[in-house]
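In what follows, a single structure is set out as structure tokens and then discussed.
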Amino acid sequence: SGFRQSARRSPFGGFDDFFGNSRQPVYRTHVVPSNTPQLTVHPLPAQDRPADFSGLVGDYSIQADASPREVNIGDPVTLTVTVSGPYAQQAKLPDLARFLPTSAFKIPEEIAPGDMQDNQKIFTQTIRVKDTSVTAIPSIGLSYFDPNTKSYQRASTEPIPLTVHAARVVTASDAEGKTATARKKEL
């Protein structure tokens, strides 16, 4: 009867021979030249560039939602703005002060950086309504350059209806629960 040699895989990635000697695989590097790509980069046109141009190039859309939609003055409203497009990760939340009048809305100075989800960047921002005359969160716009049409485009959200109530003023008697007159009548 003869010995049969078999290669066993070593735990270190090579092969062990019959005597346990490890052989490591040999790797070689080969460089294969290719054609040098030629790129022509055109600057974006200065003509008709919107003042609030986002810097985004491609085809983009923007949506917004708010919760709750029925609030008292000063209550927090969570505004969610979603930017979709090929380079959405580079998107920034449009300047809310350009779209939401500061006389009607309180917008925090600190702006959320946004979270990526698929090809969407989602911004969540808390705002507050300051005036009962507010009936909606106005449309929020995003300007971008579309290379297919070779022109600047604007995507906009739909206005979001809101119902705003005056805040109820709490008095000391409200804090006690009942007025002194009401307590006397109970006795």
Inset, instruction - Restrict the check to the range 35-56 and report whether at least one residue is assigned to a loop (DSSP other than H, G, I, E, B), over 22 Å from residue 126 (Cα atoms), of a type in the set (A, V, I, L, M, F, W, C) and in contact (Cβ under 8 Å) with a residue 12 or more places away in the chain. - result: yes
Inset, instruction - Residue by residue through the range 37-83, note down the ones that are under 20 Å from residue 108 (Cβ atoms) and aromatic (Phe, Trp, Tyr). - result: none
Inset, instruction - Count, please, the residues in the range 10-58 that happen to be surrounded by 12 or more Cβ atoms within 10 Å (Cβ to Cβ) and modelled with pLDDT of 85 or more. - result: 10
Legend entry - Tally, over the range 84-107, of residues that are more than 22 Å from residue 50 (Cβ to Cβ) and either open to solvent by less than 20 Å² (accessible area, probe 1.4 Å) or among the charged types (D, E, K, R) (or both): 3
Legend entry - Subset of the range 67-83 [surrounded by fewer than 18 Cβ atoms within 10 Å (Cβ to Cβ) and either touching a residue at least 24 places away in the same chain (Cβ under 8 Å) or under 16 Å from the mean Cα position of the chain (by Cα) (or both)]: 69, 70, 72, 73, 74, 75, 76, 78, 80
Inset, instruction - Take the residues in the range 108-157 that are polar (S, T, N, Q) and in a loop (DSSP other than H, G, I, E, B), then tell me which one is least open to solvent (accessible area, probe 1.4 Å). - result: 157
Inset, instruction - Examine the range 70-79 for a residue that is polar (S, T, N, Q), modelled with pLDDT of 95 or more and touching a strand residue (DSSP E or B) at 6+ places or on another chain (Cβ under 8 Å), and state whether such a residue exists. - result: yes
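The values are calculated or read from the model by the stated rules, or taken from the named source; none is laboratory data. Just so we're clear, the structure is a prediction, and the values are computed from it rather than from any experiment. For neighbour counting, all protein chains shown are included, and Cβ atoms are generated from backbone atoms with ideal geometry for every residue, glycine included. Areas reflect the complete protein model, heavy atoms only, side chains present, ligands, DNA and RNA absent. Shrake-Rupley method; radii C 1.70, N 1.55, O 1.52, S 1.80 Å.
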